Amino acid sequence: MVKKTNTVYRCAECGYEAAKWLGRCPECQAWGSLEERGGVKPAITRVAAGAPSAPARPIGEVDVETARAKATGVSELDRVLGGGLVPGAVVLLAGEPGVGKSTLLLEVAFQWAKTAGRSLYVTGEESAGQVRLRAERTGNVHGEMFLAAESDLSAVLGHVDAVKPGVLIVDSVQTMASPQVEGSPGGVTQVRAVAAGLVALAKERGLPVVLVGHVTKDGSVAGPRVLEHLVDVVLQFEGDKHSTLRMVRGIKNRFGAADEIGCFELTEGGIVGVPDPSGLFMSRTAEPVPGTAITVAMEGKRPLLGEVQALVSSTSMPQPRRAVSGLDSSRVAMVLAVLEKRGRLKLGDKDVYVATVGGMKITEPSIDLALVLALTSSMHDVALSQRLVAVGEVGLAGEVRRVPNVARRLAEAARLGYTHALVPPDSGKLPDGIRALEVGDVASALNAANHAK
């Protein structure tokens with residue numbers, strides 16, 4: 001008698017199991033990721049108690065000094081990491097090709113070697129000579145920096161044993177292969193095995209490990225979703241290819257805030273931190289221009305001044321055009337509908353173009369009020385005061401809603417010379433040096449903006 005086998009379909013991204021094949025994984029929503037796993041599904045068995053590696057202790061007696069973060073020497077990166085690299089932490093830095101990931105990590109390896117000890121940079125995408133040329137061009141050469149060109153995980157572990165570095169940088173995790181599993185480098189099985197091996201190395205030896213990761217067409221981290229779960233910190237390296245500004249954005253962080261950002265400027269001589277980037281997101285004009293408004297966005301704990309530009313023009317086309325850059329297009333469409341209904345602006349037969357300056361991307365609702373002012377200013381061809389900032393969320397009824405950290409936003413605006421601000425009602429205690437005008441709806445905001453000089 002032949003024993004009946006149960007076919008199981010397992011998701012290669014998250015490990016979800018199903019009794020039949022599905023085109024989309026119900027757990028992680030990945031398409032085409034379920035693979036057939038034949039054989040009898042193993043029964044759940046009891047596990048006998050074993051000897052613990054170390055006795056459990058009250059949490060107050062656990063030593064935390066060995067888990068203190070150590071600064072990398074790159075202040076903007078330390079801000080995002082929560083103070084630096086924690087011993088045994090695994091950091092995944094993902095970004096598009098050419099954004100500057102390798103350049104940034106060469107700077108990290110150099111600063112670490114200069115201040116903290118040995119660093120080991122393992123490259124699987126370039127030769128050692130190519131990395132050395134880039135390091136010389138950017139001035140990142142030090143006697144305690146060690147470089148290896150390897151794509152085999154076992155060879156990387158051998159280099160770690162020989163060099164005994166204080167930090168390990170692997171560029172990139174998709175180019176490494178583990179000899180213990182089958183599959184080509186970059187495949188789901190290999191990426192999972194390599195990441196698991198490096199995580200085990202980091203935890204066992206208390207060695208900080210930084211992994212470079214590729215991204216897909218939609219900007220998410222390439223590889224199985226379990227990769228993001230294995231590591232301690234996930235950072236997204238962003239930047240417009242037409243601009244020198246780069247941002248490191250925290251996506252996941254077990255040791256600090258997960259919404260911080262670090263700002264950098266990528267030049268021919270390397271990458272440098274920008275501790276005060278607010279001025280990069282505003283245009284410089286001698287006279288006020290219709291269709292522009294200034295707002296203050298919060299990126300983590302950092303307030304950043306940004307400029308919203310709008311252009312409203314008549315069109316002879318039956319379908320007016322809507323173009324958005326740097327903002328949430330669905331939110332812009334909502335604000336346009338509110339202005340049509342509550343602000344009595346006829347925008348249905350107009351082309352509308354909305355953008356931010358300097359490649360800044362803003363998704364939080366606090367930009368709504370500035371967007372309303374910019375659209376109205378362009379519609380009536382009347383410029384706003386150059387000393388005015390606007391902060392507030394606009395609801396579907398036309399009301400202006402409160403947003404968090406208004407005092408911190410206005411303090412940053414006052415530091416940069418702005419004297420007037422439009423804010424929602426009941427925004428709390430506001431800083432000195434700037435006159436705040438509370439507006440309850442779109443109509444009162446437009447009226448107050450016309451009188452703010």
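The values are calculated or read from the model by the stated rules, or taken from the named source; none is laboratory data. If you're wondering where the values come from, they're calculated on a predicted model, not measured in any experiment. In this analysis, Cβ positions are derived from the backbone assuming ideal geometry, glycine residues included, and neighbour counts consider all displayed protein chains. The area values use the complete protein model at the heavy-atom level, side chains included, leaving out ligands, DNA and RNA. Shrake-Rupley method; radii C 1.70, N 1.55, O 1.52, S 1.80 Å.
Per-structure values
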| item | result |
| --- | --- |
| Matching helices (runs of 4 or more DSSP H) fully within region 95-204 where at least 1 residues are under 24 Å from the mean Cα position of the chain (by Cα) and surrounded by 15 or more Cβ atoms within 10 Å (Cβ to Cβ) | 101-115 |
| Count of region 137-176 residues which are of a type outside the set (F, W, Y) and within 20 Å of T72 (Cα to Cα) | 20 |
| Selected residue (only one of A293, A333, A286, A310 is under 25 Å from R409 (Cα atoms) and free of Cβ contacts under 8 Å to residues at least 24 places away in the same chain) | A286 |
| Unique residue being in a helix (DSSP H, G or I) and open to solvent by less than 20 Å² (accessible area, probe 1.4 Å) when the list is L235, L280, L227 | L227 |
| In region 260-277, residue nearest to A374 (Cα to Cα) [restricted to those that are in a loop (DSSP other than H, G, I, E, B) and open to solvent by 40 Å² or more (accessible area, probe 1.4 Å)] | D276 |
| Out of G158, G186, G239, sole residue that is out of contact with any Phe, Trp or Tyr (no Cβ under 7 Å at 6 or more places or on another chain) and in contact (Cβ under 8 Å) with a residue 40 or more places away in the chain | G239 |
| Of all residues making up region 289-309, the number that are open to solvent by 10 Å² or more (accessible area, probe 1.4 Å) and under 18 Å from E76 (Cβ atoms) | 6 |
| Of residues in region 438-453 being charged (D, E, K, R) and modelled with pLDDT of 90 or more, the one farthest from G428 (Cα to Cα) | D441 |
| Qualifying residue in region 404-419 (condition: over 28 Å from the mean Cα position of the chain (by Cα), modelled with pLDDT under 95 and surrounded by fewer than 17 Cβ atoms within 10 Å (Cβ to Cβ)) | yes |
| Enumerated strands (runs of 3 or more DSSP E) restricted to region 345-453, each holding at least 1 residues that are farther than 24 Å from V324 by Cβ | 420-423, 435-438 |
| Top-ranked residue of region 292-344 - restricted to ones that are acidic (D, E) and assigned to a strand (DSSP E or B), ranked as nearest to G417 (Cα to Cα) | E307 |
